[in-house]
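One structure is given below, encoded as structure tokens.
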Amino acid sequence: MENSEIETKLIEARLEFLKEISRIQSQLYTPGIESRFQDEQEKRKFKLFRLQWSMYVQRVEIDILSVLVDKLEENESAFKSGIEAINGEVQNINNTVGFLNLLERGLKILERIIDLTI
């Protein structure tokens, strides 16, 4: 497997993991879930756990986004260097065309000189 394929698989796995923990998080915010706890101490523990879980989900999201941003920056860099290479080749073609135009003018002048001398 190529390195980029492995990276893609890892990102897909992370996204699947994020999907699963986000699903759990949404269940923790189901309306009326807090009313299941009669004891205020237990209710506070649940709220703390839910808050910590939400922070964990956010941390996973940030980690995934960080990886994606790094990948985009790598792609942007490669894209820019590719554009620079293409621009260089276009400039070479323009220089060649310019040289051929000069050569054509020179040949036309030479042709006129030869026609005048004949």
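Write down the accessible area per residue of the chain in Å², having rolled a 1.4 Å probe over the full set of protein chains.
Details: 9830 Å² over 118 residues.
Per-residue value: 83 Å².
How about the range 24-103: which chymotrypsin sites (Phe, Trp or Tyr not before Pro) there are in a DSSP loop, with at most 14 other Cβ atoms within 10 Å of their Cβ?
Values: sites: Tyr29, Phe37, Phe46, Phe49, Trp53, Tyr56, Phe79, Phe99; in loops: Tyr29, Phe37.
Of the chymotrypsin sites (Phe, Trp or Tyr not before Pro), the ones in loops of the range 24-103 whose Cβ has at most 14 other Cβ atoms within 10 Å are Tyr29, Phe37.
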_Computed [θ] at 222 nm, deg cm²/dmol, the chain (DSSP H ≥ 4; -39,500 (n - 2.57); rounded to nearest 500)_ = -33000 deg cm²/dmol
*asked:* With a 1.4 Å probe and all protein chains left in place, how much of the accessible area of the chain comes from carbon and sulfur atoms, in whole percent?
replied: 60 percent
*Taking the alpha carbon gyration tensor of the chain, what are the square roots of 5 times its eigenvalues, largest first, to the nearest whole Å?*
73, 13, 9
*Return one number: the angle in degrees, 0 to 90 and rounded to the nearest 10, between the long axis of the Cα atoms of helix 40-117 and the longest principal axis of the Cα atoms of the chain.*
0 degrees
*Jot down the radius of gyration and Dmax of the range 63-118, Cα atoms only, both in angstrom.*
24.1, 82
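Dipole magnitude of the chain about its Cα centre, charges +1 at Lys/Arg Cβ and -1 at Asp/Glu Cβ only, in debye to the nearest 20?
Values: 16 positive and 21 negative charges, 122 e Å.
The calculation lands at about 580 debye.
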*Given the options Val67, Val97, Val57, state which has the largest fluctuation in a GNM of the chain using a 10 Å cut-off (strictly under) for Cα springs.*
Val97
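The values are calculated or read from the model by the stated rules, or taken from the named source; none is laboratory data. These figures come from a predicted structure and were not determined experimentally. Neighbour counts are summed over all protein chains in view; Cβ atoms, including those assigned to glycine, are modelled from backbone coordinates with ideal geometry. Ligands, DNA and RNA are excluded from the accessible area calculation, which covers all protein heavy atoms including side chains. Shrake-Rupley method; radii C 1.70, N 1.55, O 1.52, S 1.80 Å.
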